[in-house]
Amino acid sequence: MARSLTLAVCQTGPVQRAASRAETVGRLVHLLEQAAAAGADLAVFPELALTTFFPRWMLDDDEIEAFYETSCPGPETQPLYDAARRLSVGFALGYAERVVENGRVRRFNTMDLIGRDGALVGRYRKMHVPGQETPEPGTTVHLERRYFEPGNLGFPVFRFGDVRVGLALCNDRRWPETYRMLCLGGAEVALIGYNTPMLLDEAPALAHLRMFHNHLPMQAGAYQNTLWVAAAAKAGIEDGQALIGGSCIIAPTGEIAAQALSIGDEVVVYRADLDLIAACRRVNFDFARYRRPAEYRLIAERAGPPED
Ligand code: CDT
């Protein structure tokens, strides 16, 4: 029997610092309702979907707490989980996670996968945390490394019904290892959330390639790993900074099947044919037959090329 999963990318426009959680969660509920009305089974929201992209600022310790969730769902986010159950649509939500582990406060850039019943299916913590700990002259101020530890949960693959789903966050989408780990873990679908600044102070000459460099690695990742990719941006002018849109759903052929056109709140829905994965594997990617893992040792041993 043919297998499919109807995916929804719930792009959001900016979430300004002045916005209340209730207001933002209300927007997300509205997007989930649109996704459900279009027949979606599973929706993806952006990275840090509940707040402004606060790593663009140096903040005092007492200012940062407001951006983190200490439990998800919490009182302010519960309506989104209630909506999932009411609509019978799952979702993936990116947010800033603050957790106390062994008496130590830890902060992660996190995405949760939520089932159609509104309950947690699984959690992913962003692996590739870009930027700096303090502003560095000549670079876009991007202080994720100040506010988040690198993820410590690996690249898990979860069951959403009978479909295997993996998660990734923003900068993760630029690294081929992300998709390969998800593929080798059995994922058929990768859900990605992102916040990507339009301008690039470290290399202004490359700024016009921001959208190309958004889609290129996701299309390559989908194709080379025979995955469906659904990626949701937080887009538009957020607290004075321009973030790119370009949210999309990509087939295992590497083709963009559907794409957002705006830089505001927008839902894009596409029925993903999961049998296309097997077809793509037949054409080129019979992994078990052709891959040479023993010859790829350097990938696990070295972070980068030798420096001589
Ligand atoms: N959120 C995130 O990971 N953004 C990065 C921008 C880094 S610019 C210093 C990205 O890869 O899109």
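The values are calculated or read from the model by the stated rules, or taken from the named source; none is laboratory data. None of the values given here were measured: they were computed from a predicted structure. Note that each Cβ is placed from the backbone with ideal geometry, even for glycine, and that neighbours are counted across all protein chains shown. All accessible areas refer to the heavy atoms of the entire protein, side chains included, with ligands and DNA or RNA removed. Shrake-Rupley method; radii C 1.70, N 1.55, O 1.52, S 1.80 Å.
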Can you compute the label reach from ASP162? Point 7 Å from Cα along the Cβ direction, backbone N cut-off under 20 Å, restricted to region 181-217.
186-190
In whole Å, how far is the Cα centre of region 180-222 from that of region 142-172?
14 Å
Given charges at Cβ of Lys, Arg, Asp, Glu: the chain dipole, positive-most of ASN102, PHE287, GLY193
PHE287
Please give the length that would be gained between ALA220 and GLU255 if that part of the chain were fully extended, namely 0.36 nm times their separation in residues minus their C-alpha to C-alpha distance (nm, one decimal).
11.7 nm
Calculated P(r) of region 155-226 - Cα pairs past 20 Å, %:
34 percent
Cβ charges +1 (Lys, Arg) and -1 (Asp, Glu), total dipole of the chain, debye:
1060 debye
State the percentage of accessible surface on the chain attributable to carbon and sulfur atoms; use a 1.4 Å probe and exclude ligands, DNA and RNA.
54 percent
Rounded to the nearest Å, the spacing of the alpha-carbon centers of region 1-25 and region 82-108 is 14 Å
Hey, rough spin-label estimate for THR134 and LEU199, points 7 angstrom out along Cα→Cβ, what's it come to in nanometres?
2.4 nm
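Convex hull volume of the Cα atoms in region 4-301, per residue, in Å³?
Details: hull volume 41.7 nm³, N = 298.
Hull volume over Cα atoms, normalised by residue count, gives 140 Å³.
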Over the chain, give the accessible area per residue in Å² for a 1.4 Å probe, as an integer.
45 Å²
Let me know the whole percent of all Cα-Cα pairs from region 127-177 that are separated by more than 16 Å.
53 percent
What nm distance separates the two modelled labels at LEU184 and GLU295, each placed 7 Å from Cα along Cα→Cβ?
1.6 nm
Considering only protein heavy atoms, with the full assembly of protein chains and a 1.4 angstrom probe, order GLU136, GLU101, GLU69 by accessible area, largest first.
GLU136, GLU101, GLU69
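Relative to 2.2 N^0.38 Å, what does the C-alpha radius of gyration of region 145-292 come to as a ratio? Two decimals please. Before the final figure, lay out the partial values.
On the way: Rg = 15.9 Å, N = 148, 2.2 N^0.38 = 14.7 Å.
In units of the 2.2 N^0.38 Å rule of thumb, it is 1.08.
Anything in the chain that counts as a DSSP H helix reaching 18 Å or more along its axis (C-alpha) with Kyte-Doolittle mean of at least 0.0? List them, would you?
Working: long enough: 21-37 (24 Å, 0.19); 210-225 (23 Å, -0.89).
Both cut-offs are met by 21-37.
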Helix-only [θ]222 nm of the chain, DSSP H runs n ≥ 4, -39500 (n - 2.57) each, per residue, nearest 500:
-7000 deg cm²/dmol
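Ordering GLU97, GLU177 from largest to smallest accessible area (1.4 angstrom probe), what's the sequence? Please report the intermediate quantities before stating the final value.
Values: GLU97 10, GLU177 80 Å².
Listed by decreasing accessible area, they come as GLU177, GLU97.
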At 25 °C and 0.890 mPa s, the Stokes-Einstein diffusion coefficient in µm²/s for region 203-256, with hydrodynamic radius from the Kirkwood sum on alpha carbon pairs, is 204 µm²/s
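Given a 1.4 Å probe and heavy atoms of the protein chains only, how would you sort ILE249, ILE256, largest accessible area at the top? Spell out each step's value before the answer.
Numbers: ILE249 0, ILE256 55 Å².
Sorted descending by solvent-accessible area, the residues read ILE256, ILE249.
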